[in-house]
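The values are calculated or read from the model by the stated rules, or taken from the named source; none is laboratory data. All figures in this text were calculated on a predicted structure; none of them were measured in a lab. Cβ placement follows ideal geometry from the backbone for every residue including glycine, while neighbour counts extend to all protein chains displayed. Each accessible area value is taken on the protein alone, full model and side chains, heavy atoms only, with ligands, DNA and RNA left out. Shrake-Rupley method; radii C 1.70, N 1.55, O 1.52, S 1.80 Å.
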Amino acid sequence: MPTTKNTWDWQIDNRTSFWSHSFKELWAYRHLLAGLVRRHFLLHYQQTILGPVWILFQPIMTLATYVLVFNKLVGISTGGLPPVVFYASGIILWNFFSESFTGTSSTFRENAQIFSKVYFPRIIMPMAVLSTQFLRFLMQLLMFLLVILYFSLFAGMPVHLSEELIMFPVAIILIGAIGLGMGLLLSVLTAKYRDMNNLVALGVRLLMFVTPVIYPMAVINEKVRWIVLLNPLTPLFELFRFSLLGEGYVTPLQILYSFVFAALLLLGATLLFNKQGDKLIDIV
């Protein structure tokens, strides 16, 4: 009698590899990804007084603080841009990067109970964090565009519409890629070493001071400018401002540097995350 051969789409075993999941498998879990994004929103804003308004309230309060401290008290120049416009652009970009980075860096620590009970591609969790932060960023970006519209109509700020505008999404994608890549890399380390969580929080704070969030590149002394330019986020922040506002200090070589850094970091961090993912469940 002919024998029937069992066939299956996936095989779950204890072996790990650097490239663990196919696109087909990840696509099959797209509904889980959407559900996790919804869950993150509910956890952050359910049973709060302002609800999702916090997404806009936080950058507005940060913006007011930056204008008062860094512009009015310290007197840091914002170049040819109004202080509100300059700081708003830096704040929404920095929030997107820092929240994506810190959120994914604690993937194993915060989801150990789920990982140990249910199988699904582990990479879905950090992808859900990045997707959630991207939606938050889009809402804050809309607020920023309204700020630009206000200053162009009532404060005489010229509207910058040129071919450089196509570079605007490039800056956002690369910033998200760097945040995700750094988060994946640190998630492996924070799972093994708990004190790395403190270094992540400290590192994010320090990194902001070598990223042009509160100052333009033009005000930095040329002798020490190379220190800030070593930061791959620097050209992307400048590119974002240049593409939307027409002011920024960036060259094609610097953009290429950020692109190569983001690509290599994301590739290496993803491979490491996939290889170590299941092994770390017993450690956390």
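Computed values, structure above
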item: A155-S77 FRET efficiency (beta carbon distance; Förster radius 25 Å; 0.05 resolution); result: 0.90
item: DSSP loop trypsin sites (Lys or Arg not before Pro) with at most 14 other Cβ within 10 Å: longest gap in the chain; result: 16-116
item: Loop-resident sites, segment 130-215, for chymotrypsin sites (Phe, Trp or Tyr not before Pro), counting at most 15 other Cβ within 10 Å (DSSP); result: Y193
item: Label assignment, Cα extents along the principal axes in Å derived from the structure, set (i) 85, 46, 41; (ii) 81, 44, 29; (iii) 63, 45, 35; result: (i)
item: Rg and Dmax of segment 75-129, Cα atoms only, in Å; result: 18.0, 55
item: For segment 58-169, size of Cβ-based charge dipole, Lys and Arg +1, Asp and Glu -1, in debye; result: 380
item: Cα-based Lys proximity count in the chain, under 28 Å, for pairs eight or more positions apart or on separate chains; result: 10
item: Net +/- balance of residues flanking T102 in space, Cβ distance below 15 Å, scoring K and R +1, D and E -1; result: +1
item: Dipole-positive endmost among L202, I255, Q140 within the chain (Cβ charges, Cα centre); result: L202
item: Cβ-derived FRET efficiency at R0 25 Å, F209 paired with R109, nearest 0.05; result: 0.40
item: Extension gain (nm, one decimal) between L230 and F168, 0.36 nm per residue minus Cα-Cα; result: 20.2 nm
item: Sparse-neighbour loop sites [GluC sites (Glu not before Pro); segment 155-240; at most 11 other C-beta within 10 Å; DSSP]; result: E222
item: In order through segment 234-247: 3J(HN,Hα) via Karplus (6.51 cos²θ - 1.76 cosθ + 1.60), integer Hz, x for Gly, Pro; result: 4, x, 6, 5, 5, 5, 4, 5, 5, 5, 9, 10, x, 10
item: Relative contact order computed over segment 32-170 (Cα-Cα under 8 Å; 6+ residues apart), in percent; result: 33
item: At R0 = 22 Å, FRET efficiency that the Cβ-Cβ distance of L146 and A34 yields, to 0.05; result: 0.20
item: Taking segment 115-270 and dividing mean pair separation by its residue count, relative contact order in percent (alpha carbons under 8 Å, at least six apart); result: 30
item: Per residue accessible area in Å² of the chain, where ligands, DNA and RNA are left out and the probe is 1.4 Å; result: 56
item: Equivalent-ellipsoid semi-axes of segment 175-284, from the Cα gyration tensor, Å, largest first; result: 31, 16, 10
